[in-house]
1. So which residues in region 99-127 are surrounded by fewer than 18 Cβ atoms within 10 Å (Cβ to Cβ), in a helix (DSSP H, G or I), free of Cβ contacts under 8 Å to residues at least 40 places away in the same chain and of a type outside the set (A, V, I, L, M, F, W, C), if there are any at all?
2. Being of a type outside the set (Val, Ile, Thr), surrounded by 14 or more Cβ atoms within 10 Å (Cβ to Cβ), modelled with pLDDT of 95 or more and out of contact with any Leu (no Cβ under 6 Å at 6 or more places or on another chain) is true for just one of LEU139, LEU26. Which residue is that?
3. Considering only region 137-175, state which residues are assigned to a helix (DSSP H, G or I) and farther than 19 Å from ARG71 by Cβ.
4. Return only the number of the condition from (1) loosely packed, with under 15 Cβ neighbours inside 10 Å; (2) touching a helix residue (DSSP H, G or I) at 6+ places or on another chain (Cβ under 9 Å); (3) part of a helix (DSSP H, G or I) that LEU205 does not satisfy.
5. Sort out which residues of region 72-98 are touching a residue at least 12 places away in the same chain (Cβ under 8 Å) and in a loop (DSSP other than H, G, I, E, B), and write them in order of number.
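The values are calculated or read from the model by the stated rules, or taken from the named source; none is laboratory data. On a predicted model such as this, the values are computed, not experimentally measured, just so you know. Counting neighbours? That spans all protein chains shown, and the Cβs are built from the backbone with ideal geometry, glycine included.
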Amino acid sequence: MEAPTRPAEAAEAAATDIEEASRRALAPCGWALALLAAAAFGVAACGSSTDRSGSPAGDLRAYVDRVEPLRLAVNRLLDRADPILEAYREHRIGPGTARRRFGRLERTFAAYAARVAAIHAIPDDLRGAADSYAHTYVLEDSYLSALTAALPDRAFDELPHTADRQRAAIIAWRIRLEVLARRLGVRLPADLQRAGRGEIAPSPLGD
């Protein structure tokens with residue numbers, strides 16, 4: 001098996017750090033710590049961009065350095081949604097437990113969404129696609145919040161249906177990134193190829 005590229009290794013490590021910080025932030029002093037973690041992430045991101053910007057290629061690398069760890073952390077977080085929903089469907093956990101667990105997941109996602117929205121240093125040629133990509137986090141958080149509220153009564157008929165819109169925006173963002181990276185000679189993390197290809201919205205019905 002080919003060894004992971006250094007950018008991929010760095011993104012994976014940063015994603016793990018983000019997950020750990022988010023878990024600590026959602027402990028009893030939750031939201032105050034979450035805000036501090038988001039602020040700290042913003043300061044760190046600004047510092048790294050200074051090191052790597054100054055050219056179109058450097059600006060693109062700096063953007064990827066910010067967004068890729070968050071994207072990976074979000075993917076890992078959403079992998080935890082289906083086991084909660086499956087346990088609830090199979091009556092292994094009750095409605096209160098399901099709602100509490102999913103509520104914690106949604107709050108963590110919301111913190112990630114805020115961090116994505118806080119990325120302002122975006123290459124001009126990517127800004128439109130990046131803004132649309134960031135908005136997919138808003139749509140996903142709205143869905144997760146609605147699903148959390150719907151769980152106790154299994155009132156799933158009124159859930160938002162935005163998965164197709166999100167997928168289209170994510171794929172457009174990924175393609176735009178790839179075009180710019182080829183033009184500028186920037187190597188992207190291999191995992192970016194998965195963006196927009198997997199499940200978008202976890203289904204409470206298991207389909």
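1. ARG100, ASP124, ARG127
2. Among LEU139, LEU26, only LEU139 is of a type outside the set (Val, Ile, Thr), surrounded by 14 or more Cβ atoms within 10 Å (Cβ to Cβ), modelled with pLDDT of 95 or more and out of contact with any Leu (no Cβ under 6 Å at 6 or more places or on another chain).
3. Once the filter is applied, which keeps residues that are assigned to a helix (DSSP H, G or I) and farther than 19 Å from ARG71 by Cβ, region 137-175 yields SER145, ALA146, LEU147, THR148, ALA149, ALA150, ASP164.
4. Of everything listed in (1) loosely packed, with under 15 Cβ neighbours inside 10 Å; (2) touching a helix residue (DSSP H, G or I) at 6+ places or on another chain (Cβ under 9 Å); (3) part of a helix (DSSP H, G or I), LEU205 misses just condition (3).
5. Scanning region 72-98 gives a single hit, ARG80.
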